[in-house]
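The values are calculated or read from the model by the stated rules, or taken from the named source; none is laboratory data. Fair warning: this is a prediction, and the values are worked out from it, not measured in the lab. Heads up, the Cβs are rebuilt from the backbone with ideal geometry, glycines too, and the neighbour counts pull from every protein chain shown.
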Amino acid sequence: MKHFHALGLGAVTALGMTALSMLPASAAWQPNKPVEFIVPAGTGGGADQMARTLQGIIAKHDLMPTQLVVINKSGGAGGEGFLDVKSSKGNPHKIVITLSNLFTTPLATGIPFNWKELTPVAMLALDEFVLWVNAQEPYKTAQEYEAAIKAAPDNTFKMGGTGSKQEDQIITVAVEKALGKKLTYIPYKGGGEVAVQLVGGHINSTVNNPIEAVSQWRGDKVRPLCVFDSKQLPYTDKIQGDLSWSSIPTCKSAGLDVEYLMLRGIFMPPGVSEEQVAYFVDLFKKVRETPEWQQLMKDGAFNQTFMAGDEFKAWLDGAEKNHKGLMQEAGFIAGN
Amino acid sequence: MLDNFINLYHGFYIAGDPFNILLMVIGILLGVIIGVLPGLGGANGVAILLPLTFSMSPTSAIILLTCIYWGALFGGAITSVLFNIPGEPWSVATTFDGHPMARSGRAGEALTAAFTSSFVGAFFAIVMITMIAPLVAQFALQFGPAEKFAVYFLAFASFVGMSKEAPAKTIVSMMIGFALAAVGLDMVTGQLRLTFGITELLNGFDFLIAVIGLFGIGEILLTMEEGLEFRGKAAKIDPKVVWKTWKTLPRYWMTSLRSCIIGCWMGITPAGATPASFMAYGIAKRVSKNGKNFGNGEIEGVVAPETAAHAAGTAAMLPMLALGVPGSPTAAVLLGGLLIWGLQPGPMLFVEQAEFVWGLIASMYLGNIVGLILVLTTVPLFASILRIPFSIIAPVILVICAIGAYTVNNNVFDVLMMMVFGVLGYLLKKTNYPLAPLVLAIVLGDSAEEAFRQSLLASGGSLAIFWSNPLVSSIMGIGIVAGLWPLIAHLFSKLRVTAQPA
Amino acid sequence: MEQAHQGAGPKQRAVEVGTALLTLLFGFVVLYGSYLVGVGWGSDGPQAGFFPFYIGLAIAGCSVINLLQALREDGDALFAEWGQLGQVLKVLIPACIYVALVPFLGIYLPSVLLIVVFMTWLGKYGWPLSLAVGFGVPAFFYMTLERWFLIPLPKGPIEAMLGL
């Protein structure tokens, strides 16, 4: 009888995926061994920092019965990590943090995976992009810098960024289109290195994430010109002199109609149950309430949008189309 | 400058807290274990333990983590000397003379020399940090892609031409290294290359996998061919070996000093510890009067790379704190830690968080002293591992190699690759292809090509960028002289012969 | 290594020729791979295959030199005696089987097997010691890596059954 009962339950779970998704997050499932947290990027980068912060928060507040183990799989612009998750079908003890390479890597390199082959869990936050110049440059506003670019011949100005055919270069191409001038894009390995190259005067501008350049800004070595978002940032703590994140104008208001936000989201392997997904959605909801997470959001001037379920899937769908369009225009699709 | 000493005094007060000293001892011991296991490098160790430190004060946390790093630096030398398996990339050059020493029964001497040199290098770098930190930070900012390429070029130039083997074999060996380094994603164009659609090749060939195979497995195969024993078996375990070695070390003060300077310089220009160790070894080999005997167990060949590697590893902490740019993978992880503890590395750190910075610098002094004492006491213990019969130690080494190869990227495929490299290492060694250029090329090939192409992007394709300012031109100039040195030396000796016909 | 022994075995020359052919083949693979991604000099510097192409060329060129030199070598020198090679194979074959088993059985069980087989067969040690070392070493790594450092090593069906 007991056996029959268990079997019946299994059948219900298998058949009633859609029905279950309507149930509240009862979180009956719990991990019973260490959960691997895949980072499809190298140690020390933005995604890695976020993953290790999450690991620390979860351990400190005892939010999970087992441990969370961070593993970096950065090969092939993160393709290695995504392939690993894709091939771990039905394994609920594995999650992956994503950045824009979720969309850009398969398009730029032809590595075979797509977000639809993974199980979306939740969007934790969106990372902003800011246009930075060296503080010693004469340009005080985005308009002045745009005018200088327009006045000079093509490829006079050098833009530094992280990686090739990824978010930083996509933004650079969009800026080029908006201004009708070519910039020289120089790819570096990591965001911190890009910021230092800007301070050293080896490049003219960057589109660093806030957290990558904030310390140089506080030391008055770099200057933010505008933020690639539809609205100004909400954080009003003073950072440099009287300036705060909220004092940076949007690029659109400065005549540069470019918007870009980067996903910091969590995915699971394909074929996991709704119950297991619900457990992690719930977990990250708890994480968002901790003071440490709030601090990270403030330090990095993140956009704190949180999404899960169908809303998140719809967002992903839109973001994928958007990336495809941008990369097609830029000629970044593999095989071109 | 006086301010610095007052701050440092205060720093010692913080770092000398008994709890912090205890953390140092724990950190060093953990670090040594991490360093001994190949594949589980300092960066990994620090990353893994980072979350455990969130509940500590930032100063205690960084003391624990940096001590793990020092411990890993010390520990990397152990397996290099004993089994020819470098635990860390910068220990590769240590194997060249350290392992031959162990095979001829001088493992204790080699380990003592390695540990002591590590300490000397690190100490020199810390003193430098104490004295001229702000100045040095400015210097590091001068390094754009062109300057970085020049540094890599100099590292190559001072290392090549050192082998006795046929030139065509040296070139093949080095070029295979370059080719392996090129596999995977091309950073500059974002394209995959040389992967032939094989997903396992996405990540390229990790340096450590190649080294564990070529050196570690290759060595086991060679030993088997020569009969079932390590030749170091006859090594006498002498607790006084430390003192005896110390008596001979002052003789090499010139090599030490040179390596300290090379190391500090390479650590600040973010080229790092690995090129520093190769460069110091290459130069010592050329300059030393025992140069011809390098590779056969010359103690100077252990002193030079170890000193430089540790000077570089320590000096790399400075750009991290002052600029927020990591000089090594471990520094990159520590950097992440700083952010989580609410400290922002960068120009303001020295001003706003003086207590933390000087506590850290003081802990570098104390941590290295504690570390040296701890590891020196283990010398007889580690040296006695070689007395274990080969038929027990060989399968254990194989297991350690496999685990090491796996942990580098958490990839089972790497374990297979390690075996392939092992067979290749045996074959190449038996047919007199030098392995060192291959290894150097795998380590630096990627970075050098990247820096070269970034430079060309910046210059719009013009090679003139490598002569565009005094800094880059002088490094390139020294590199060219270093590359042609064997030729120059040859001409000189000819001149001398003709000048004074005996 | 001096090859003073008088015995039978493969000739050094043959192995040298083989190695040179191997590196030549490798050179061609690199050339082909570079050709696939473009070997030219684009508008903004070299393409992805530019450096690998010349690297491949250098490998192929120098391999030919090595090949010619190997052919001119003294034909009598031995690479190794058959007996010595047998010794090498005694390690190599178990090691290869070990490595081949890891993807299927995880790292622990093959490690136990390798150590035990090696010690009893080649070392002629008794079972108690062999089993102690064979289980002790993997257990040590399980404790340090998985428990202390939280690094998961590959595991197979046996570990899954034990719930590790």
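Does residue B:415 fit the bill of being among the aliphatic types (A, V, I, L, M), buried (at least 21 other Cβ atoms within 10 Å of the Cβ) and over 26 Å from residue B:198 (Cβ atoms)?
Values: among the aliphatic types (A, V, I, L, M): yes; buried (at least 21 other Cβ atoms within 10 Å of the Cβ): yes; over 26 Å from residue B:198 (Cβ atoms): no.
Here the answer is no, as residue B:415 does not meet what is asked.
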task: Restrict the check to region A:229-243 and report whether at least one residue is buried (at least 24 other Cβ atoms within 10 Å of the Cβ) and within 13 Å of chain B (Cβ to nearest Cβ).
output: no
- prompt: Which one of the conditions (1) facing another protein chain (nearest Cβ under 7 Å); (2) in a helix (DSSP H, G or I) does residue C:116 fail to meet, given that it meets all the rest?
  reply: (1)
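Is one or more of the residues making up region B:444-456 within 24 Å of residue B:149 (Cβ to Cβ) and free of Cβ contacts under 8 Å to residues at least 40 places away in the same chain? First the steps, then the outcome.
Residues of region B:444-456 that are within 24 Å of residue B:149 (Cβ to Cβ), as a first pass: B:444-456.
Add one more test, that the residue is free of Cβ contacts under 8 Å to residues at least 40 places away in the same chain, and what stays is B:456.
Yes, there is a match, as at least one residue in region B:444-456 is within 24 Å of residue B:149 (Cβ to Cβ) and free of Cβ contacts under 8 Å to residues at least 40 places away in the same chain.
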message: Return the residues of region A:57-93 that are of a type in the set (D, E, K, R) and farther than 14 Å from residue A:117 by Cβ; say none if nothing qualifies.
response: A:60, A:62, A:73, A:80
message: So, residue B:176, is that one more than 12 Å from chain A (Cβ to nearest Cβ) and surrounded by fewer than 23 Cβ atoms within 10 Å (Cβ to Cβ) or not?
response: no
Residue satisfying condition, being more than 7 Å from chain B (Cβ to nearest Cβ), farther than 28 Å from residue C:8 by Cα, in a helix (DSSP H, G or I) and in contact with a Gly (Cβ under 6 Å, 6 or more places away or on another chain), within set C:31, C:57: C:31
task: Would you be able to tell me the number of residues in region A:88-118 that are in contact (Cβ under 8 Å) with a residue 24 or more places away in the chain and either outside the structural domain of residue A:59 (by TED's automatic domain parsing) or outside any loop (DSSP other than H, G, I, E, B) (or both)?
output: 16
- request: Filter region A:153-171 down to residues that are buried (at least 22 other Cβ atoms within 10 Å of the Cβ) and either more than 11 Å from chain B (Cβ to nearest Cβ) or at negative phi (or both), then give me how many there are.
  value: 11
- request: Check off (1) surrounded by fewer than 24 Cβ atoms within 10 Å (Cβ to Cβ); (2) closer than 30 Å to residue B:411 by Cβ; (3) modelled with pLDDT of 80 or more for residue B:49 and give me the number that stays unchecked.
  value: (3)
- prompt: Considering only region B:451-502, how many residues are in contact with a strand residue (DSSP E or B) (Cβ under 6 Å, 6 or more places away or on another chain) and either on the phi > 0 side of the Ramachandran plot or modelled with pLDDT under 85 (or both)?
  reply: 1
query: How about region A:183-204: which of its residues are under 18 Å from the mean Cα position of the chain (by Cα), part of a loop (DSSP other than H, G, I, E, B) and buried (at least 24 other Cβ atoms within 10 Å of the Cβ)?
result: none
message: Here's a check for you: in region B:429-471, which residue that is under 30 Å from residue C:78 (Cα atoms) and of a type in the set (D, E, K, R) is nearest to the other protein chains (Cβ to nearest Cβ)?
response: B:430
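Pick out the one residue from B:350, B:294 that is farther than 30 Å from residue B:443 by Cβ and either touching a Leu at 6+ places or on another chain (Cβ under 7 Å) or of a type in the set (A, V, I, L, M, F, W, C) (or both). So that I can check it myself, show each step before the final result.
On the way: B:294 fails: farther than 30 Å from residue B:443 by Cβ.
Checking each option against the conditions leaves just B:350.
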task: Scan region C:122-134 and give yes if some residue there is surrounded by 15 or more Cβ atoms within 10 Å (Cβ to Cβ), within 20 Å of residue B:416 (Cβ to Cβ) and within 10 Å of another protein chain (Cβ to nearest Cβ), otherwise no.
output: no
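Based on this model, can you work out whether residue B:249 counts as surrounded by 15 or more Cβ atoms within 10 Å (Cβ to Cβ), modelled with pLDDT of 85 or more and outside any loop (DSSP other than H, G, I, E, B)? Outline the logic, then answer.
Values: surrounded by 15 or more Cβ atoms within 10 Å (Cβ to Cβ): yes; modelled with pLDDT of 85 or more: yes; outside any loop (DSSP other than H, G, I, E, B): yes.
Yes: the conditions hold for residue B:249.
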- prompt: List the pairs whose first member sits in region B:106-129 and is among the acidic types (Asp, Glu), whose second member is not in a helix (DSSP H, G or I), and whose Cβ atoms are under 6 Å apart, counting only residues at least 6 apart or on separate chains?
  reply: none
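Any residue in region B:187-194 that is facing another protein chain (nearest Cβ under 8 Å), aliphatic (A, V, I, L, M) and at positive phi? Even if it seems obvious, please write down each step before you answer.
The initial filter retains those residues of region B:187-194 that are facing another protein chain (nearest Cβ under 8 Å), namely B:187-194.
Those still in the list that are aliphatic (A, V, I, L, M) too: B:187-188, B:192, B:194.
Next, from what is left, pick out any that are at positive phi: B:194.
Yes, region B:187-194 has at least one match.
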query: Name the pairs whose Cβ atoms lie under 6 Å apart, with the first residue in region A:180-201 and facing another protein chain (nearest Cβ under 8 Å), the second among the charged types (D, E, K, R) and in a loop (DSSP other than H, G, I, E, B), and 6 or more positions between them or separate chains?
result: A:199/A:221
message: Can you tell me how many residues within region C:91-113 are at the interface with another protein chain (Cβ under 7 Å from one of its Cβ atoms) and farther than 16 Å from residue C:154 by Cα?
response: 4
- prompt: Is there any pair linking a residue in region B:404-415 that is more than 14 Å from residue C:100 (Cβ to Cβ) and facing chain C (nearest Cβ under 8 Å) to one that is crowded, with 24+ Cβ neighbours inside 10 Å and modelled with pLDDT under 90, with Cβ under 6 Å and at least six apart or on different chains, and which?
  reply: B:407/B:39; B:407/B:40
- request: Answer yes if at least one residue in region A:205-222 is at pLDDT 90 or above, surrounded by fewer than 23 Cβ atoms within 10 Å (Cβ to Cβ), over 30 Å from residue A:95 (Cβ atoms) and in contact with a strand residue (DSSP E or B) (Cβ under 8 Å, 6 or more places away or on another chain), and no otherwise.
  value: no
message: If I filter region C:72-104 down to residues being free of Cβ contacts under 8 Å to residues at least 12 places away in the same chain and either acidic (Asp, Glu) or loosely packed, with under 12 Cβ neighbours inside 10 Å (or both), which single residue comes out as farthest from residue B:218 (Cα to Cα)?
response: C:72
